[in-house]
Amino acid sequence: MDATNRALSLMGACAFVLTFVPAPLRSRIDSSIRDLWEKLFSSADPFAYVEVPRKSKDVINAISLDDSPSTSKWLIDPTSNPLYADVALYLSSLDLEYSARRVCAYGVDGDGSLSDASKFVFGLPLDETLTDTFEGSQFSWSHKLSSTVSRSSSHHQTDEDPNSMFCLKMLKSDKPRLLHSYLSHVSTVARGIRQHNNLRTLYLNSRHGSHWTPVAFNHPSTFDTIALDGDLADRIQADLKAFSDSEAYYHSIGRAWKRGYLLYGPPGTGKSSLIAAIANYMHYDIYDLELTSVSNNSSLQSLLMRTRPRSIIVIEDIDCSMSTRFSDRQQVEEQQLAVFEEAPQSSSCGFTLSGLLNFTDGLLSCFGEERIFIFTTNHKERLDSALLRCGRMDLHIHLSYCTFSVMKKLARNYLGIMDHDLYGELEELLKAGVEITPASAAETFLSMRKDPDEAIRQILTRVKAVNASVSVDEVPPDVRTGKGDLLPKKVRKRKRELPVDASEKQHLDDSYAVSGATAPRHSKLSTSRNGPKKLAIS
């Protein structure tokens, strides 16, 4: 009895003394005692433990110490851990609201059509455990803080703590056989849940950094809501479907499983909406790369290596972020392709054209597959041909001004009408080449949606005004397509083109020879009925 009392007194005295020990030192003492205990008695513990921290170390490269694959080591860099998010989503699918003693409940934004079971999402809180079964073996998940974090400041600790982690407990005998297959099962289930619930993320690159900032992506655009001319939407969807089903084919021909799209055309023609529709159709996340925030090639490479498969990497208005007008490709290579300029009001960029080319089509482009690169521009002619060739931008999609079919789709989507008495007159004016952007027409329909007849009359009035005020010479020529472009089948001609006679053609060839540029394949003189001659290059 005396021995027991002395032991209790000693423990009380130690606990009292520990209250005067600073929290960081007390945490270090606890950690040291825990490590000593595990070293002394680890052989008697039948369980193995796998920690999945919220802050991870992404593998960014591999090196070999002596040219032997067996001695390859991975370079790592701290960043967010995608497996942590997968585990959290996987555990929420195990009916943990009934299995765990304590749960975290989160509300879901939605309309009144959601069922009672769909209005809430449940998560595993800190210091709680949940058991799972896989291939006849038991796995135990616990949610806790890293052992290096002081427990004394528990009033500041939440389930969103950056130092939180999931700990997987399993039998040592099951670890060699089931660890990899079980974690793959967790990631697969989580990916399926994201696709089923349309949970997608938009990633933005931080300024002067090489990290992505995630935000929720809830854009409602689909191929049913955007208005594209003719069968353009069907052809894009067919190309996306073929890409999605072609993993084995890409590997069999020795190509990285990726696709490149160039969206070009005037402002307000739906390029951003088309990107959102593609993301919703493919169930892909979006990485929106702002080139003016990239400091050098290393930052660009680091950003690429932090993207995940099944994603879309977007560079919008690429012609505004850089200048790539080169007159001679050989001269550019000799200058090491370092002639980028940032947009106005920005400091000069440190990355090069070769860095961007490697980003889209070099060896680094194979770092993670099933990705789509999308560039947008208002001026395709300003881009260097090296960016546009097949293998980088495989499909060129021209989004132009409203045709009659586009106007009808907009009226159907915004006003709910399929036909109108004024459609005949409107069709004739649009066929004559009057330019009105889909964004402008959509805004008119949106503001007049309660009066469809007045909305159509407003559009017709605007089209007549444009037709009367804009002369033929003021209308820019159509951007002609090269091989591989997706254009509406009906291409409007606003100018009468005359062939270049021999003397004029020789003068043009001499001019290109002096400048060092390559003469275009076809050069024609374009003239209006009353205006002067102008050069149009296709």
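The values are calculated or read from the model by the stated rules, or taken from the named source; none is laboratory data. Here the structure is a predicted model, which means the values were calculated and not measured. Cβ coordinates were reconstructed from backbone atoms using ideal geometry, including for glycine residues, and neighbour counts include every protein chain displayed. Only protein heavy atoms, including side chains, enter the accessible area calculation; ligands, DNA and RNA are left aside. Shrake-Rupley method; radii C 1.70, N 1.55, O 1.52, S 1.80 Å.
Meeting the requirement of 2 or more residues that are in contact (Cβ under 8 Å) with a residue 24 or more places away in the chain and small (Gly, Ala, Ser), the helices (runs of 4 or more DSSP H) wholly within segment 252-322 are 271-282, 297-305. For segment 449-461, a residue qualifies if it is free of Cβ contacts under 8 Å to residues at least 12 places away in the same chain and in a helix (DSSP H, G or I), and the qualifying residues are Glu454, Thr461. When segment 95-122 is limited to residues that are at pLDDT 80 or above and under 22 Å from Asn218 (Cα atoms), the one that is most open to solvent (accessible area, probe 1.4 Å) turns out to be Ala105.
With respect to the conditions (1) open to solvent by 50 Å² or more (accessible area, probe 1.4 Å); (2) within 25 Å of Phe367 (Cα to Cα); (3) touching an Asp or Glu at 6+ places or on another chain (Cβ under 9 Å), Ala248 falls short on a single one, namely (3).
Residues of segment 1-15 that are assigned to a helix (DSSP H, G or I) and either in contact (Cβ under 8 Å) with a residue 24 or more places away in the chain or surrounded by fewer than 10 Cβ atoms within 10 Å (Cβ to Cβ) (or both): Asp2, Ala3, Thr4, Asn5, Cys14, Ala15. Can you find a residue in segment 52-68 that is modelled with pLDDT of 75 or more, assigned to a strand (DSSP E or B) and either under 25 Å from Pro176 (Cβ atoms) or in the same structural domain as Trp212 (by TED's automatic domain parsing) (or both)? Yes, that holds for at least one residue. Here Asp174 meets each of (1) surrounded by fewer than 16 Cβ atoms within 10 Å (Cβ to Cβ); (2) in the same structural domain as Ala48 (by TED's automatic domain parsing) with one exception, condition (1).
Give Leu429, Leu446, Leu387 a once-over and let me know the one that is open to solvent by 20 Å² or more (accessible area, probe 1.4 Å), in a helix (DSSP H, G or I) and at pLDDT below 90. Testing whether each residue is open to solvent by 20 Å² or more (accessible area, probe 1.4 Å), in a helix (DSSP H, G or I) and at pLDDT below 90 leaves just Leu429. Would you be able to say whether some residue in segment 290-308 is modelled with pLDDT of 90 or more and open to solvent by less than 10 Å² (accessible area, probe 1.4 Å)? No, there is no match, as no residue in segment 290-308 is modelled with pLDDT of 90 or more and open to solvent by less than 10 Å² (accessible area, probe 1.4 Å). Is it true that Lys39 is modelled with pLDDT under 70 and basic (Lys, Arg)? Yes; evaluated as a whole, the condition is true for this residue.
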